[in-house]
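Novice: I have a structure here, written as structure tokens, and I will follow up with some questions on it.
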């Protein structure tokens, strides 16, 4: 069984981005907030780089917005699970 890992939450709004890192014990470890000026991808990449998380492995992505949601899951090799 894989050991618990920290969870990164990313909230992209119309003008800003908020990111939080939470431990398996639900403790907030770090937070970031910045304005994206319409360049969301650049802003997220900059924040993740500044936080030294640009090479973090992704286990899942939860997408929420406009009263809809979706969950994307990945295996240990980073391949998308259907």
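Novice: When you scan the stretch 1-12, do you find a residue that is in a loop (DSSP other than H, G, I, E, B), without any contact (Cβ under 8 Å) to a residue 12 or more places away in the chain and under 20 Å from residue 64 (Cα atoms), even just one?
Specialist: If we filter the stretch 1-12 for residues that are in a loop (DSSP other than H, G, I, E, B), which is where we start, we get 1-6.
So of that shortlist, the ones also without any contact (Cβ under 8 Å) to a residue 12 or more places away in the chain come out as 1, 3.
Adding the requirement that they be under 20 Å from residue 64 (Cα atoms) leaves none.
No: zero hits.
Novice: While we're looking at this one, here's another question. Within the stretch 15-45, work out how many residues are farther than 23 Å from residue 73 by Cα, modelled with pLDDT under 90 and over 13 Å from the mean Cα position of the chain (by Cα).
Specialist: So the count comes out to 1.
The values are calculated or read from the model by the stated rules, or taken from the named source; none is laboratory data. Owing to the predicted nature of the structure, the values given are computational and were not obtained by experimental measurement. Heads up, the Cβs are rebuilt from the backbone with ideal geometry, glycines too, and the neighbour counts pull from every protein chain shown.
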